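Laboratory data are not the source of any read-out in this text; all were calculated from the coordinates shown. Everything numeric here is computed off the predicted structure, so don't read it as measured data. Quick reminder, even Gly has a Cβ in these numbers, built from the backbone with ideal geometry, and neighbours come from all protein chains shown.
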Amino acid sequence: MNTRIATAVMLTSALALAACQKKAPEELPPAPEATAAPAPTPTPTGPAVGSMEHFIEAVGRANTVVYFDTDRYNIDAEDSAKLQTQAQYFSQYSNVTFTIEGHTDERGTREYNLALGERRANAAKNYLVSLGIPASRIRTVSYGKERPVALGSNEAAWAQNRRAATVTIN
Amino acid sequence: MKFLIALTPLIALVAAPVAAQNQDLGEPMGEGQEVEAVAVEGDDGDGPLRGTVSDDSSLDDLGIAIPAFATDRNVSTPANANGTAALGEELARVITANLRNNGLFKPTGPDSLPKPEFANITSPVWSTWGVRGAEMLVHGYVRARSDDRLTVGCYLYDMALQQRLVAEGWVVSPADWRRAAHKCSDLIYARLTGESPFFDSRIAYIAETGPKDKRTKRLAIMDSDGANHRFITTGRSTALTPRYSPDYKQLVYLSYVDGNPRIYVYDIGTGRQTLVTQSDNPTFAPRWSPDGRWILYSMAVGGNTDIYRVSAQGGRSERLTDTPGIDIGGSYSPDGSRIVFESDRSGSQQIYIMDADGSNQRRLTFFGGRSATPEWSPRGDQIAFTHIAGDFNIAVMNPNGRGLRKLTNGWQDEAPTWAPNGRIIQFFRTARNTGATSLWQVDLTGENERRLPTPVDASDPAWGPILP
């Protein structure tokens, strides 16, 4: 619980202090004394560092997923901006390990899609490694077309499913 | 059974990794029994007669009467709660369904026919059957042996000639009684078409349940007609793309049981499985060589997928492709000398061919669109594949890459697999939007297409050879 509160304290200024390596205090300040009024505001307890909630809060949900064109796996300008945001987070929290999940749309044969998802996950991984994130912290897994997020059979749904999603490992 | 349960914690302690990779598996089922061929009643020792079929009209108009198989004595059998007489009716029903479902003949089954006496199996009462308009007559018998096994005899008669065309008999264990019906179906089919048999075979596939974004996918097996259905995995982990070994003793398939896509070799007799290769890299698309000595698999290293082969006994893997593109899958020619496979080295999925050692790689398909999942016919004369040009359809071509013929018209039909005789192709069809999947069969004319009933949605079919 102590570390969790310390985490929360740190989190409130996490982004502003991106470059600051301030250590969490050894001991927490004493709990506020019970007073009649005003009622004590509860200590803010945000998500733990490295949790998916923490990652999303820090980088924004939209930046956790990069998207690809049909049968492609190249990192375009939009993807690279997202991955740079991710890289900042993973530089700051250097103990956080994570998985990049590669996915495809349903309009491909099953086995090729597994290989294509693997290729996409690795494209995102390689970009993060080029930004200085150690490869040893990055796991990749391909789900091919097995785990769509958009369920329709149309171009808009397929575009959402051709993706590499970064997921932190708690 | 108690012994197995008692042993489980011990295995978990001493062999944690093995236990982990087995945690998605159901109970082992043991191996099936062999079917023994025997001489049939009335066989004069000269072997089956080889008369000429008198009717030369199109086969799908050929009427075949298939009355209940007779029994010499109606006795109890583990194969049927109502005894061998009831079993005789079941045998005729299975044969009728086989011959009807494949669109080849117009059979009439036992439920609308009189029952022949045991004594008439070898000498039909022609007058009884002549009025029914059937050109062909099937008779058979079932007899319980003292060892609990069953002898089943199967006879095909030409009504116009009033002559026996062929007859065979088999001894089966009670649990395998349907195999006798499939053997009889094969005998009739082969005699009337001149083609090789295919009914006495099994299919491995993936059973699918649940919503599109959270599908449960289980490895399952069944007979060629959908009977004797068994789940092999529990569904806790996603299972994909199974293939039977040629001797039916093993299955290779992809499982996410350790969280990563990896190929396992599952032993049907013991119910245990091992990784196809000890590697942290993901492996996909397993295939057997026709002689069962080799397993092909595809492995992604740093995102780049290539095809490897490894001895089915294990040992060192050999890399067969080395392009920066995705090289995946593979299907051996029947003689094992060549492999067709899929590669996007040209920029899109196309089919390539190489020698079995990876040499002489060259592109086969130039049809426009993409070409994927090649499967070499067991006869060697055709290669089935998924042709992607807008929609996904099953197509065939000659092994020289010419003679494209599209056989299906679904929105998404993929993953062809051949019947053991190379005359029927099975594949799976995905429905637009719902993602519902089902198994289908189509013959080489493309005219006879039918859905194979499965208990739940189904994909990734793999048809094994004729059972040993």
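Quick look at the numbers
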| read-out | value |
| --- | --- |
| Charge dipole (debye, nearest 20) of chain B; +1 at Cβ of Lys and Arg, -1 at Cβ of Asp and Glu | 1120 debye |
| Fraction in percent of alpha-carbon pairs per bin - 5 Å, the stretch B:201-466 | 1, 6, 14, 18, 20, 19, 13, 7, 1, 0 |
| Computed label-point distance, nm, for sites A:THR97 and B:ASN260 using a 7 Å Cα→Cβ extension | 1.2 nm |
| The stretch B:242-343: chymotrypsin sites (Phe, Trp or Tyr not before Pro) in DSSP loop, at most 11 other beta carbons within 10 Å | none |
| Rounded tilt (10° steps) of B:2-14 against the dominant C-alpha axis of chain B | 10 degrees |
| Nearest-20 debye value, the protein assembly as shown charge dipole, Cβ charges on Lys, Arg, Asp, Glu | 1440 debye |
| 0 to 90° range, to nearest 10: angle between helix B:177-193 axis and chain B longest Cα axis | 80 degrees |
| Calculated FRET efficiency for the pair B:GLU34/B:ASN360, C-beta based, R₀ 45 Å, to 0.05 | 0.70 |
| Area projected by the alpha carbon convex hull of the stretch B:36-193, averaged over all directions, nm² | 8.5 nm² |
| Options B:GLN278, B:ILE95, B:TYR189, ranked by Cα towards positive dipole end of the protein assembly as shown, top entry (Cβ charges) | B:GLN278 |
| Euclidean distance between Cα centres, the stretch B:398-431 to the stretch B:271-344, Å | 22 Å |
| Net charge contributed by nearby residues that have their C-beta within less than 12 Å of B:ASP72 (K/R +1, D/E -1) | +1 |
| Principal-axis tilt of helix B:83-101 within chain B, Cα atoms, nearest 10 degrees | 60 degrees |
| Largest-first principal axis extents of the Cα set of chain B (Å) | 73, 59, 44 |
| Order of B:CYS154, B:CYS184 under a 10 Å beta carbon neighbour criterion, fewest first | B:CYS154, B:CYS184 |
| Local electrostatic count, A:VAL149, Cβ distance below 13 Å [Lys/Arg +1, Asp/Glu -1] | +2 |
| Footprinting exposure proxy for A:HIS54, B:HIS229 (fewest neighbouring C-beta atoms within 10 Å first) | B:HIS229, A:HIS54 |
| Selected from B:ALA239, B:LEU407, B:LEU439, residue furthest toward positive end of dipole (chain B; charges at beta carbon) | B:ALA239 |
| Exposure proxy order (Cβ contacts within 10 Å, fewest to most) of A:GLU57, B:GLU90 | A:GLU57, B:GLU90 |
| Alpha-carbon Rg with Dmax, taken over the protein assembly as shown, Å | 30.1, 109 |
| Ellipticity estimate at 222 nm from DSSP helix runs (n ≥ 4, -39,500 (n - 2.57)) divided over chain B, nearest 500 | -4000 deg cm²/dmol |
| Relative contact order of chain B, pairs being alpha-carbon contacts under 8 Å that are 6 or more residues apart, as % | 11 percent |
| Trypsin sites (Lys or Arg not before Pro) restricted to the stretch B:182-263 and DSSP loop, no more than 11 other C-beta within 10 Å | B:LYS214 |
| Compactness of the stretch B:340-417 - radius of gyration and Dmax, Cα, Å | 11.8, 36 |
| Computed over the stretch B:269-322, Cα set: Rg, Dmax in Å | 11.4, 36 |
